[in-house]
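Contents: one structure, followed by commentary.
The values are calculated or read from the model by the stated rules, or taken from the named source; none is laboratory data. Given the structure is predicted, the values throughout are model-derived calculations rather than measurements. Cβ: placed from backbone, ideal geometry, glycine included. Neighbour counts: every protein chain shown. Heavy atoms of the whole protein, side chains included, go into the accessibility calculation; ligands, DNA and RNA do not. Shrake-Rupley method; radii C 1.70, N 1.55, O 1.52, S 1.80 Å.
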Amino acid sequence: MSDVQEAITRVHHEEWARVVASLTRRFGDLDIAEEGAAEAFATAVERWPADGVPPNPGAWLTTAANRKAIDRIRRESKRDDKQKEAQMSYDEPPEPLGVIDDERLRLIFTCCHPALAMETRVALTLRMVGGLTVPEIARGFLVQETAMGQRITRAKAKIKAAKIPYRVPSAEDLPGRVSGVLSVLFLVFNEGYLATGPDTDPIRHELTAEAIRLTRLIRALLPEDGEVAGLLALMLLTEARRTARVSASGELISLRDQDRGAWDRALVAEGHRLVRERLATRLPPGRYQILAAINAVHTSARDAADTDWSQVVALYDQLVRVDRSPIVALNRAIAVAEVDGPEVALATIDRLGDKLSGYHAYHAARADLLRRVGRSQESRAAYDAAIELAENTAEVAYLSRRRDQLAG
């Protein structure tokens, strides 16, 4: 029985998006596709323990889901028109697929369409592509289940009303649209990596794992895209440190103080391989590729003292050219402190105050630098500001201890 349950879980991960995409293509309706897929998997849970896992689970599920969808259409009012519409959708010759022929890509680009708000894209992608239930998504983002359900329902209605096309973008539109998809996945990962909210775990492994799984899917569908590879490498190198990032008492452990022996060496190796592959192309790297390279430098050092900070600063110099955000400037300054000293970095960070006054990491970085140059009273005030703005429980615990260690 346990083997069958494990098989169902594995097949759900592997086939959910493909089944939903197939039904969306046939019936042109995300509601019908979602319900048909869910009912097909529910049937599998009932029947497979007795009948055994079929030789081709994906085909079995797609066939079952199609039957469930047709049953629903037949039950609904105006079924003649709907059946005719569904049949026409099925019998029409396929439209040109754009640059890549995969139904799941159509589904991903539909869920991540720029006409939808970012929070809606995240929820819809996790439900329709990832197969997470509404309660799971609601828990992941600390939203009431009813509110999350309404968000997903409204998103599907907007797609239908606005006639958002179910297709892969054209070659000229693809780079910009891929960037939007990656932003969605990065947002999911970051919420898991540094979870917000006072009543949640500081690290939400289910969200980081789902973000990595979906990014692997995009990587399989777009193997030549450098930024997809870069994002996957960045996620892997970050996830590799997960078990070393929070102490037994629930306090965040800085990169400098982490037990590097506790890092997942397989994830580190895979992340490094992806970074090397992108470097070998000699193509100009994008934002995620550079961030992955920075993480590769950190995870290459056997000890924090061995970190090649000059290389980190050089990579941030590259990043600044493609991403001029003040957060990148802040992170560059933190690296500069290790090369040129805290006074130089502090002068740079102080110039960012107008833009980052509401960002807890700005105050945390400033507090650390003020501490290092002996300005304890100012450091304490900066820690207070960081604690006030921080939303991660482990980070608050870390900042509070650092503040309380200051004399006076």
Problem set entry | Per residue accessible area of the stretch 284-370, 1.4 Å probe, in Å² | 47 Å²
Exercise. Where is the GNM fluctuation largest for the chain (alpha-carbon springs, 10 angstrom cutoff): 214, 222, 107?
Worked result: 222
Exercise. So if we plug the beta-carbon distance of residue 339 and residue 14 into 1/(1 + (r/R0)^6) with R0 = 51 Å, what FRET efficiency do we get, rounded to 0.05?
Worked result: 0.65
Exercise. What nm distance separates the two modelled labels at residue 59 and residue 355, each placed 7 Å from Cα along Cα→Cβ?
Worked result: 5.6 nm
Seminar exercise, completed: Per the 1/(1 + (r/R0)^6) rule, R0 = 51 Å and r from the Cβ atoms of residue 67 and residue 196, FRET efficiency to 0.05 is 0.75
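Probe of 1.4 angstrom, ligands and nucleic acids ignored: what's the accessible area per residue over the stretch 118-210, in square angstrom?
46 Å²
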Seminar exercise, completed: Rounded to a whole %, the carbon-and-sulfur portion of the accessible area of the chain at a 1.4 Å probe is 50 percent
Exercise. Which residue fluctuates the most in the chain, going by a Gaussian network model with Cα springs under 10 Å, if the choices are 121, 26, 47?
Worked result: 47
Problem set entry | Rel. contact order, % - alpha carbon contacts under 8 angstrom, at least six apart, the stretch 341-398 | 33 percent
Exercise. Which of rounded, prolate, oblate describes the stretch 227-297, given a ≥ b ≥ c as roots of the alpha-carbon gyration tensor eigenvalues and a/c under 1.5 marking rounded, otherwise prolate only if a/b is larger than b/c?
Worked result: prolate
Exercise. Using the alpha carbon gyration tensor of the chain, what are the three equivalent-ellipsoid semi-axes (square root of 5 times each eigenvalue), largest first, in whole Å?
Worked result: 44, 22, 21
Exercise. GNM on the chain, C-alpha springs below 10 Å: top fluctuator among 145, 172, 270?
Worked result: 172
Problem set entry | Relative contact order for the stretch 218-375, counting Cα pairs under 8 Å that sit 6 or more residues apart, in percent | 18 percent
Problem set entry | For the stretch 229-346, fraction of C-alpha pairs farther apart than 17 Å, in % | 58 percent
Seminar exercise, completed: Counting sequence-distant residues (5 or more places) and residues on other chains, those with an amide H built under 5 Å from that of residue 246 are 253
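Given the DSSP H assignment, sum -39500 (n - 2.57) over each helix run of at least 4 residues in the chain and divide by its residue total; what's the result at 222 nm in deg cm²/dmol, nearest 500?
The helix-only estimate for the chain comes to -22500 deg cm²/dmol at 222 nm.
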Exercise. With each label point set 7 Å from Cα along the Cα-Cβ vector, what nm distance links residue 301 and residue 317?
Worked result: 1.9 nm
Problem set entry | Length released on extending from residue 259 to residue 5, taking residue separation times 0.36 nm less the Cα-Cα span | 87.9 nm
For this session: Might you tell me the accessible area per residue for the stretch 1-75, computed with a 1.4 Å probe and given in Å²?
Result: 49 Å²
